[in-house]
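Here, each number is a calculation from the coordinates, and none is a lab measurement. Only a predicted model underlies this, so the values are computations on that prediction, with no experimental measurement involved. All Cβ positions, glycine included, derive from the backbone under ideal geometry; neighbour counts span all protein chains shown.
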Amino acid sequence: MNKITYGRQTINQDDINEVVKALNSAAITQGEYVPAFENALKEYTGAKYAVAVSSGTAALHIVYAALGLKEDDELITCPNTFAATSNAALYLKAKVKFADINIDDFLIDEYKIKSLITDKTKIITPVHYAGLTCNMEEIKKYTENYNIKIVEDACHALGSYYKNSKTGSCIYSDAAVFSFHPVKHITTAEGGAVLTNNEDVYKKCVLYRSHGMEKVNFKNIPDSPTYHEMQLLGYNYRMTDIQAALGISQLKKIESFIERRLEIAEIYYDAFKNSSQIKMQKKYDDRFNSHHLFSVLFENNSLRDKVYYYLKENNIFTQIHYMPVNKHPYYESLGYNYKDTPLSYDFYRRELSLPVYPLLSNEEVYFVIDKINKALKVS
Ligand SMILES: Cc1ncc(COP(=O)(O)O)c(C=O)c1O
């Protein structure tokens with residue numbers, strides 16, 4: 001059996017041909033492919049505006065900045081996420097508050113958000129962990145009487161739905177952020193995007209993406225033929241046209257990618273449905289999980305570790321998502337304590353992300369299941 005990892009990209013000859021075409025085009029950055037990819041993302045999600053950038057982290061950074069997050073403001077998210085979700089707030093010198101998760105659906109507990117809201121709360125960032133959307137309707141309710149913005153960290157959740165709205169349509173939020181890292185639903189190698197229906201947020205994100213440099217709507221009077229002016233302190237977070245060409249080609253195939261992820265998820269659900277030692281992510285009738293991850297919880301930490309090592313001996317490389325962000329030494333140095341969010345810590349001790357990606361064959365999925373069952377039997 002080949003080496004099996006928890007996730008990987010699906011690249012075929014179409015993708016390679018598109019990348020080669022982009023490489024042969026006049027502009028390999030700041031050319032035509034990036035706007036075309038943004039149009040494809042808008043069409044796919046239903047949002048009015050899209051800004052493609054160099055990573056999901058860059059997308060979080062610029063959308064927080066565009067929403068005005070600044071020193072002493074507070075942002076609420078959960079610890080069960082990749083550190084970038086909260087790091088991007090720290091870049092802007094804001095304070096992060098961590099709401100614990102719900103141990104049934106592995107998502108931020110919307111009722112815990114409520115107790116953390118103060119008059120300094122500027123943004124709530126729910127994380128659609130593994131591809132399952134958070135309870136957006138309830139979270140949106142908290143923001144209605146305050147000037148609090150919602151940014152969906154949808155890095156795991158391209159193609160998912162909450163009720164009838166596709167993730168990225170921003171029906172329940174001010175913006176949504178995606179990552180196109182190779183383990184995600186589609187890839188541009190590195191890459192990310194902000195989706196929004198808010199024109200002002202869109203325009204600011206465009207400025208932040210490229211040094212804050214404006215080439216059309218000037219504040220001062222142009223005094224040279226190639227006049228452009230810097231209007232805010234931005235970054236170079238641009239996506240290249242080579243990456244965007246790959247993104248366009250990948251997005252064309254997303255339905256089949258998700259279909260295959262779902263087939264694999266259903267095999268796992270079926271295999272472990274009667275297990276007393278394995279708990280799987282809750283399913284909701286009105287939410288569609290696009291399964292970036294297939295995340296399971298074992299009865300206890302030693303059982304999880306035993307399965308992890310047994311799978312590794314059999315050339316199956318699973319992952320643990322995530323160590324709570326507030327347990328990283330950097331966050332501890334800022335005064336955070338993972339014991340304040342005990343369910344996220346308990347989750348971290350028992351979680352394993354099983355292999356799920358379109359190129360995984362049924363034979364490989366059953367091989368993984370067989371090895372998990374064998375590891376559980378020897379315990
Ligand atoms: C939940 C979450 N947020 C943010 C990011 C950051 O995305 P990127 O790796 O593209 O910077 C990731 C990527 O791993 C993620 O999983």
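Please work out the FRET efficiency for the pair GLU71 and ALA189, using the Cβ-Cβ distance as r and a Förster radius of 51 Å; give the result to the nearest 0.05.
Efficiency computed from Cβ-Cβ geometry: 0.90.
Using 0.36 nm times the number of residues separating ASP119 and THR29, minus their current alpha carbon distance, what extension gain do you get?
Computed gain between ASP119 and THR29 is 28.2 nm.
Find out how many positive minus negative residues lie around HIS292, taking Lys and Arg as positive, Asp and Glu as negative, among other residues whose Cβ is under 11 Å from that of HIS292.
+2
For the pair GLU229 and TYR284, what calculated FRET efficiency results from E = 1/(1 + (r/R0)^6), where r is the Cβ-Cβ distance and R0 = 41 Å, to the nearest 0.05?
0.25
Once the Cβ-Cβ distance between MET1 and ASP270 is put in as r, and R0 is 22 Å, what FRET efficiency do you end up with, to the nearest 0.05?
0.55
Once amide H atoms are placed 1.01 Å from N in the peptide plane, what residues at a sequence separation of 5 or more from THR341, or on another chain, have their amide H within under 5 Å of its amide H?
none
Kindly write out, for the range 286-295 in residue order, the coupling ³J(HN,Hα) from the Karplus curve 6.51 cos²θ - 1.76 cosθ + 1.60 (θ = phi - 60°), rounded to whole Hz, with x marking Gly and Pro.
9, 10, 10, 8, 8, 6, 4, 10, 10, 9
Across the range 122-139, in residue order, what do the Karplus-derived ³J(HN,Hα) couplings come to in whole Hz, using 6.51 cos²θ - 1.76 cosθ + 1.60 with θ = phi - 60° and x for Gly and Pro?
Values per residue, Gly and Pro as x: 10, 9, 10, 10, x, 10, 7, 4, 6, x, 9, 6, 6, 6, 5, 4, 5, 5 Hz.
Report the residue, chosen from ASN217, ASN197, ASN102, that carries the largest GNM mean-square fluctuation when the chain is represented by alpha-carbon nodes joined by springs under 10 Å.
Fluctuation is largest for ASN217.
What whole number of Å gives the distance from the Cα centroid of the range 32-79 to the Cα centroid of the range 144-207?
That distance is 6 Å.
Mean 1/r over all different Cα pairs, inverted: what Kirkwood radius does the range 254-377 give, in Å?
15.7
In nm, what is the difference between 0.36 nm times the number of residues separating TYR309 and LYS21 and their Cα-Cα distance?
99.3 nm
Here are some pairs, LYS306/LYS371; LYS95/LYS327; LYS42/LYS122; LYS140/LYS273; LYS339/LYS374; LYS70/LYS166; which of them have Cα atoms lying more than 23 Å apart in this structure?
LYS42/LYS122; LYS140/LYS273; LYS339/LYS374; LYS70/LYS166
I want the local charge near TYR336. Using Cβ-Cβ distances under 12 Å, sum +1 for each Lys or Arg and -1 for each Asp or Glu among the other residues.
Spelling it out: positives minus negatives among the neighbours equals +2.
Taking amide H atoms as placed 1.01 Å from N in the peptide plane, list the residues 5 or more away in sequence, or in a different chain, whose amide H sits under 5 Å from that of LYS95.
Amide H neighbours of LYS95, under 5 Å, 5+ apart: ASP72, ASP73, GLU74, LEU75.
Local charge sum around ILE248 (other residues, Cβ-Cβ under 12 Å, Lys/Arg +1, Asp/Glu -1)?
Net local charge, ILE248 excluded: -4.
Using a 10 angstrom cutoff on alpha carbons, build the Gaussian network for the chain and name the most mobile of ASN147, ASN87, ASN220.
Maximum among the listed residues: ASN220.
GNM, the chain, Cα, under 10 Å: largest mean-square fluctuation among SER86, SER55, SER25?
SER25
Quick one: Debye curve from the C-alpha atoms of the range 183-252, no solvent, what's log10 I(q)/I(0) at q = 0.12 Å⁻¹?
The Debye formula, applied to the Cα set alone, gives -0.44.
Over the chain, what number does the Rg to Rh ratio reach, with both radii from the alpha-carbon atoms and Rh per Kirkwood?
Result for the chain is an Rg/Rh of 0.99.
HN-Hα J couplings of the range 298-309 from phi, Karplus 6.51/-1.76/1.60, θ = phi - 60°, integer Hz, Gly and Pro as x?
After applying 6.51 cos²θ - 1.76 cosθ + 1.60, I find 8, 4, 8, 5, 5, 5, 4, 5, 4, 5, 3, 5 Hz.
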